[in-house]
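Accompanying notes for the structure given below.
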Amino acid sequence: MSDYHKTLFQVPKVSLGFFPTPLQRLNRLSDRFGCEIYIKRDDFTGRSLFGGNKVRKLEYLMADAAAKGCDTVITYGATQSNHAMETVTAARICGLKPIVYLHSLVEPDPEDLRANLLLDHIYGAEVHIVPLNGSTLEETKERSQSLARERIAELESQGHKCYNIPGGGFNGVGAAAYIAGYQELSSQLEKLGISMQYLFSACGSGGTLAGLAAGKKLLGSQTEVIGIQSGKKDSGYKARIAKTANDALDYIGQTQVSVSEDDFICDDRYYGEGYEIPSEKSTAAIKLLARQEGILLDPVYTGKGFSGMIDYLENGAVPKGSTVVFLHTGGTTALFSEHKIVGPLAE
Ligand SMILES: *Cc1c(COP(=O)(O)O)cnc(C)c1O
C-alpha cells in the first residue's frame with residue numbers, strides 16, 4: 001500500500017457498499033466516437049438496490065457521525081433527492097434515526113409517492129416536505145435549515161445527539177470519499193495499462209468534483225477533470241468546490257498539495273432549462289447508452305452529464321484517440337419518478 005493509501009484509511013469509515021466498483025469499456029460507443037471510452041460504475045456502490053456517489057460520501061460521513069456519538073442524522077434535498085434517500089438508507093444500516101427536509105421543486109402526489117420519496121417512506125424516515133409556495137429555491141432552502149434547527153434543539157433537549165449533513169453531503173468529510181474514489185479508479189486503469197486524459201462527471205453540490213480534483217492533485221495526475229452541471233449555480237460555485245477539495249485534503253492530513261479553480265472544469269451548458277427539468281439532449285443520451293450498451297442513466301444528473309461528454313466527443317473538444325472515463329454517479333431511481341422529471345423517455 002502506498003503511504004497515501006494508508007493515510008487515507010486512517011480517517012474513520014463505515015462499510016455501506018461494494019467496492020471497487022466495476023470499470024467497463026463502452027465498446028460500441030468507443031467505435032462510434034473514435035475514442036477509448038470507459039464507464040466507472042459508481043451506480044453499483046449500493047447496499048440497497050440503488051447505489052450512487054452518495055454511498056461513497058456516506059461511508060465517511062456516517063463514520064464521523066458515529067465517532068461523535070450521534071444517534072440521529074438530518075439532511076436536506078429535493079423531494080426526489082438521491083442524497084436524502086441514500087442518507088436514510090445509510091442511517092438504517094448504521095442504526096441511526098433518519099430525518100430529511102425536502103423542498104418540493106416538483107410537487108409530489110401524496111396518493112402516489114414515487115421513486116426516492118417512496119423509498120424514504122418505506123425506510124420510515126421522518127420526512128418533512130417544505131413547499132416553495134412562491135418563494136425562491138434559496139429562500140426555501142433557508143426555511144428548511146431553520147425548521148431543522150428547531151427540530152435539532154427539540155431533539156437535543158430530549159437527550160438525542162444529531163449529526164447535520166449539508167445537502168449533497170457537500171463538505172470536506174464527504175468529498176474525501178472521492179479522493180479515495182479517484183485513487184480506486186487510477187489503480188484500475190493502471191492494472192489495464194492505460195491512462196485517462198479526460199474524466200467526466202455530472203455535478204450538483206460539487207462535492208464529488210472536489211474529491212476528484214483533490215485526488216488528481218494528490219496523485220500528480222494530468223487528467224482533465226470535467227464536471228457537467230445539473231443546474232444553474234452562482235458565481236461562487238467553483239471557489240466553494242476548490243475550498244471543499246482543500247478541506248477534504250486537510251481532513252485526511254494531506255496538505256502538501258492544494259486545489260485551485262484551475263484544477264477542474266465546471267461546464268454549465270448542458271442542464272437545459274434547469275435542475276429536475278428534462279433536456280432534449282439528456283433524453284437522447286439516456287436512450288443512446290441504453291440502446292448501444294444496455295446501461296441506464298438518469299434524467300436529472302447522469303443523462304445531462306453524459307450528453308455533455310458526447311458533445312465534447314462530437315465537437316472535437318476531446319480529440320480522437322483519447323481515453324475518456326465517465327463516472328456513473330447513480331440516480332437511476334429517477335426513471336421511476338414523476339413524469340415531469342422523467343420527460344419523454346418512452347417516446
Ligand atoms: C448528487 C448526485 C450527483 C452530483 O454529485 P455532487 O457531489 O453533489 O456534485 C451526480 N449524480 C447523481 C446521480 C447524484 O445523485
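Every read-out reported here was derived from the displayed coordinates using simple, explicitly stated rules and does not represent laboratory data. Treat the numbers as computed from the prediction; the structure is a model and nothing was measured. Cβ sites come from the backbone with ideal geometry, for glycine too, and all protein chains shown count toward neighbours.
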Per-residue ³J(HN,Hα) for the range 61-73, Karplus 6.51 cos²θ - 1.76 cosθ + 1.60, θ = phi - 60°, Hz, x for Gly and Pro: 5, 5, 5, 5, 4, 5, 4, 8, x, 7, 10, 9, 10
Debye-sum result for the range 138-242 in log10 I(q)/I(0), which assumes one identical scatterer on each alpha carbon, at q = 0.16, 0.20 Å⁻¹: -0.79, -1.03
Taking every C-alpha to C-alpha distance in the range 1-126 and binning by 5 Å from 0, the per-bin percentages run 2, 10, 17, 17, 16, 12, 10, 8, 5, 2, 0
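Quick one: dipole size for the chain, taken about the Cα centre, charges +1 on Lys/Arg Cβ and -1 on Asp/Glu Cβ, in debye to the nearest 20.
Numbers: 35 positive and 41 negative charges, 161 e Å.
In debye, rounded to 20, the chain gives about 780.
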Arranged from highest to lowest average of other beta-carbon atoms within 10 Å per residue, in what order do the peptides 201-213, 82-94, 248-260 appear? 201-213, 82-94, 248-260
Over the chain, the sum of -39500 (n - 2.57) across DSSP H runs of at least four, divided by residue number and rounded to 500 deg cm²/dmol, gives at 222 nm -13500 deg cm²/dmol
What is the Rg over Rh value, at two decimals, for the chain, using alpha-carbon atoms and the Kirkwood definition of Rh? 0.95
Where the centre of each part is set by its Cα atoms, how far does the range 263-330 sit from the range 205-231, in angstrom? 16 Å
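Given a Förster distance of 22 angstrom, what is the FRET efficiency for Glu126 paired with Ala66, based on the Cβ-Cβ distance and rounded to 0.05? Mind showing how you got there, number by number?
Working: r = 20 Å, r/R0 = 0.89.
It comes out at approximately 0.65.
Could you calculate, for the range 281-326, the ratio of the Cα radius of gyration to the Kirkwood radius, expressed as Rg to Rh? Walk me through the numbers on the way to the answer.
On the way: Rg = 10.6 Å, Rh = 10.8 Å.
My calculation of the ratio gives 0.98.
Sorting Glu280, Glu224, Glu59 on the 10 Å Cβ count, fewest up front, what's the list?
Working: Glu280 11, Glu224 19, Glu59 22.
Listed from fewest to most nearby Cβ atoms, that is Glu280, Glu224, Glu59.
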Separation between the Glu111 and Asn164 pseudo-spin-labels, each 7 Å from Cα along Cα→Cβ, expressed in nm? 3.8 nm
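So, with +1 on the Cβ of K and R and -1 on the Cβ of D and E, and no other charges, what is the size of the charge dipole of the range 266-347 about its Cα centre, to the nearest 20 debye?
Rounded to the nearest 20 debye, it is 220 debye.
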What spacing in nm lies between the two simple spin-label points modelled at Glu142 and Asp234, each 7 Å away from Cα in the Cβ direction? 1.0 nm
